[in-house]
Structure formats: C-alpha cells, structure tokens
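S.K.: Below is the structure I would like to discuss, written out as structure tokens.
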C-alpha cells in the first residue's frame with residue numbers, strides 16, 4: 001500500500017519534467033519560426049518593392065519616346081489587361097500608374113534598394129503622392145530611422161509633422177543639407193527632432209487644468225507621448241530635484257535624446273511663454289551641463305511647452321543660442337481646414353523671421369567692414 005503514493009509522486013515529477021522540457025522546446029521552436037517568418041517577410045517585401053520599381057521604370061522608359069500622352073495611357077490600359085489576365089488583380093491600371101510614379105519619384109535604383117530594406121511597398125504607396133521632394137525625403141528618412149508602421153506614417157503625414165518641424169521654416173537649401181546628412185550619416189539636428197506645435201489631444205484634458213494635471217496626464221500616457229515627440233526620446237525623471245545655492249528647484253520632465261546625444265529638460269507652462277521663463281530653463285540647463293552631462297554628450301537642450309507664444313519675443317531673445325526651444329501644445333485639435341491654414345502661416349512666418357535675422361547679420365557685417 002505504501003508503494004502507491006511513491007509511484008504517484010514519481011509519476012507527477014515525471015509529468016512536470018516532461019511539461020517543462022516540452023514548454024522550453026515549444027518556446028525555442030516558436031522563436032525560430034517567428035524569426036524565419038520575419039526574415040522571409042522582409043525579403044518578400046524588398047523583392048516586391050524592387051519588382052514594382054523595375055516595372056514602373058521599364059514602362060516609363062518605353063513611354064518617354066512617345067510624344068502623345070494619350071498614346072501612353074493606351075499602352076498602360078492594354079498592358080494592365082494583359083497582366084491582370086496572367087497574374088491577377090495586382091496589376092490594375094491604377095497600380096501600374098502608381099509604379100510609374102514610383103520610378104519617377106525615385107529614379108535611382110540604389111536609393112530604392114537601400115530604403116526597401118526598412119520600408120515596404122505599402123510605405124511607398126503613402127509617400128508617392130507627396131509632390132514636394134524635401135517633404136517626401138523627410139518622411140522616408142524618419143520612417144526608416146524610427147521604424148514607423150504604415151499606419152504611423154499615415155498619421156504623421158495627415159498630422160503635418162513636416163510642417164511642425166523647424167526644418168520646414170528654414171530656407172530650402174539649408175533644409176536639404178540637413179536631410180542629406182540624415183540620409184547619408186543618420187545625423188539628426190534639433191530642427192528635425194523638435195516640433196511646434198505638439199499634439200496632446202490624446203491626454204483627454206478638458207477645459208481648465210493645472211500644470212500638475214498636464215504633467216500627470218503625460219506620465220500616464222507616456223508611451224503615446226513618446227510617439228508624438230519622437231521615438232529617440234528616453235524618459236529619465238519627473239520633477240527632477242536640483243539644488244542651487246541651497247535652494248531647491250524642480251525640472252518638470254527630463255528626457256535623453258539618443259541621436260542628439262543630450263539631455264532634454266521639458267518645462268510645462270499653462271499660460272503663454274514669458275521672457276522671464278528663459279532664465280528659469282537656462283538655469284536648469286547650466287546645472288545639467290555642470291553636474292549631469294557625461295563625456296561624449298552634447299550640451300543639454302531645453303524645451304518649453306506652453307499654451308501660446310509671441311514670435312517676436314522668441315526672435316529677440318535668441319533662445320536658440322542658449323539651447324532653448326519653445327513650442328506650443330494643442331490639447332484639442334481645430335477643424336482640419338483651420339489647422340492646415342494655421343500651420344502654413346507658421347511655416348511662412350518662420351521663414352520670414354529666419355531670412356530677416358540673416359539679412360540683419362549681413363548688414364551688420366557690412367557696416368563693420370566699412
């Protein structure tokens with residue numbers, strides 16, 4: 001009778017051992033299958049993208065010798081019918097036209113080959129309609145660097161991310177230099193990394209709220225906040241305590257930007273930006289530079305997130321020389337037509353201020369020479 005409990009215990013141990021071994025084996029094989037599927041998926045996506053580029057390039061070259069646009073359209077229509085019969089729905093007239101546009105927008109095969117390592121055909125479908133080359137290059141490179149999904153890319157474009165960067169407010173030649181550095185060296189500048197305004201509608205803040213409410217909502221929705229400000233930001237601290245001359249000060253939010261290789265102090269303001277706010281954030285930056293900056297890092301950058309700002313005040317304070325940026329935040333998005341109009345006005349104003357500042361510098365230099 002005593003041998004039965006022992007047999008049961010031995011059997012139980014054996015079953016547990018089998019389950020443990022089986023579970024480990026299952027997890028290992030599942031990892032192998034998932035890894036191979038991802039690898040196959042990447043190869044297939046790259047292959048399809050290159051195939052569509054070659055098709056578009058071939059049709060485009062064949063049509064270049066034809067003077068009549070109507071003749072070219074007939075070629076595409078006829079070819080679409082033939083390919084659809086042979087290969088199915090993927091070669092409709094619209095699809096072929098998209099491939100032609102793809103080859104026109106990216107005439108260099110090597111650029112497509114490089115981008116297709118990170119971007120799938122669905123990404124390019126979203127990029128092709130963007131007529132402005134600078135804007136298109138910006139989205140392609142940001143998509144590559146931050147590994148956006150197609151849905152994220154679509155949201156960034158509809159949210160006019162490019163127009164919200166300081167890059168869009170610069171003269172075109174300077175902006176092209178920064179995009180080229182991003183493309184060739186993965187070198188990101190603050191004018192690419194920071195936006196104005198920031199969209200914080202996902203925080204769910206209604207009517208009146210305090211700075212602490214805003215701060216708490218950001219921490220609660222930190223993942224979505226990072227998607228809005230950029231995936232290279234890493235959260236470090238909330239209400240970072242610093243001591244200057246025996247007096248306590250607190251930095252609302254402290255982040256680190258991996259590509260800029262610097263600390264980023266974020267100060268939240270419920271009201272509009274005031275000139276005296278410069279002194280506060282500058283004190284924080286100099287403290288961080290003295291006590292927190294590590295070898296190999298760049299100087300800290302300050303970001304003041306405020307409800308509103310005056311552009312002339314920002315210009316006269318020359319905040320960029322102190323490593324300070326001021327951006328508005330919107331907790332409620334306006335109707336799209338008003339939103340687009342306001343952003344375009346901000347872009348034009350930014351360019352005029354940039355040109356005005358540079359022209360003033362040139363005049364001062366000429367006076368000193370005379």
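Read-outs throughout are calculated quantities, based only on the coordinates presented, and are distinct from any laboratory measurement. This one's a predicted model, so the numbers in the text were calculated from it and none came from an experiment. No Cβ is skipped: glycine too gets one built from the backbone with ideal geometry, and neighbour counts run over all protein chains shown.
S.K.: At 222 nm, what value in deg cm²/dmol follows for the chain if DSSP H runs of at least 4 each add -39500 (n - 2.57) and the sum is divided by all its residues, to the nearest 500? Let's see the in-between values first.
M.R.: Details: 14 runs with 223 residues, N = 370.
Calculated from helices alone, the mean residue ellipticity at 222 nm is -20000 deg cm²/dmol.
S.K.: Post the alpha-carbon centroid distance, the range 139-217 to the range 222-263, in whole angstrom.
M.R.: 17
S.K.: Turning to a different aspect of this structure: Any idea how far apart residue 310 and residue 89 come out in nm if each label point goes 7 Å out from Cα toward Cβ?
M.R.: According to this spin-label approximation, the distance is 5.9 nm.
S.K.: Between residue 351 and residue 208, how high is the FRET efficiency from 1/(1 + (r/R0)^6) when r is the Cβ-Cβ distance and R₀ = 51 Å? Nearest 0.05. Present the calculation step by step, with values, prior to reporting the outcome.
M.R.: Values: r = 35 Å, r/R0 = 0.69.
Here the calculated transfer efficiency is 0.90.
S.K.: By how many nm would the segment from residue 274 to residue 32 lengthen if fully extended, with 0.36 nm per residue of separation less the alpha-carbon distance?
M.R.: Working: separation 242, 0.36 × 242 = 87.12 nm, distance 5.68 nm.
Contour length minus Cα-Cα distance gives 81.4 nm.
S.K.: Just grab the label-to-label distance for residue 247 and residue 339, each label 7 Å out from Cα along the Cβ direction, in nm (one decimal).
M.R.: Roughly 4.2 nm, to one decimal.
S.K.: Using the number of other C-beta atoms within 10 angstrom as an exposure proxy, rank 284, 187 with the fewest first.
M.R.: On the way: 284 25, 187 13.
Ranked by crowding around the Cβ, least crowded first: 187, 284.
S.K.: With a 10 Å Cβ neighbour count serving as the proxy for reagent exposure, in which order, fewest first, do 263, 353 appear? Numbers along the way, then the final one.
M.R.: Values: 263 25, 353 15.
Ascending Cβ contact count within 10 Å gives the list 353, 263.
S.K.: Same structure, new question: Just the Cα atoms of the range 139-220: what Rg and Dmax do they give in Å?
M.R.: Values for the range 139-220 (Cα only, Rg and Dmax): 15.5, 46 Å.
S.K.: With Cα extents along the principal axes in Å as the read-out, I listed (i) 63, 52, 49; (ii) 50, 46, 46; (iii) 94, 85, 44; which label goes with the value calculated from this structure?
M.R.: (iii)
S.K.: Out of the DSSP beta bridges found with both residues in the chain, what percent are antiparallel (nearest 5)?
M.R.: On the way: 16 of 29 bridges.
Of the beta bridges lying entirely in the chain, close to 55 percent run antiparallel.
S.K.: List the relative contact order of the chain as a percent without decimals, with contacts defined as Cα pairs under 8 Å and 6+ residues apart. Provide the component values of the computation, followed by the final result.
M.R.: On the way: 388 pairs, mean separation 44.6, N = 370.
Dividing the mean separation by the residue count of the chain yields 12 percent.
S.K.: Can you compute the modelled spin-label distance between residue 146 and residue 134, with each label point 7 Å from Cα toward Cβ, in nm?
M.R.: My value for the distance between the label points is 2.0 nm.
S.K.: Among 78, 46, rank each residue by its count of other Cβ atoms within 10 Å, from fewest to most, as a rough exposure measure. Could the numbers behind the result be given before it?
M.R.: Values: 78 11, 46 19.
So the ranking, lowest neighbour count to highest, is 78, 46.
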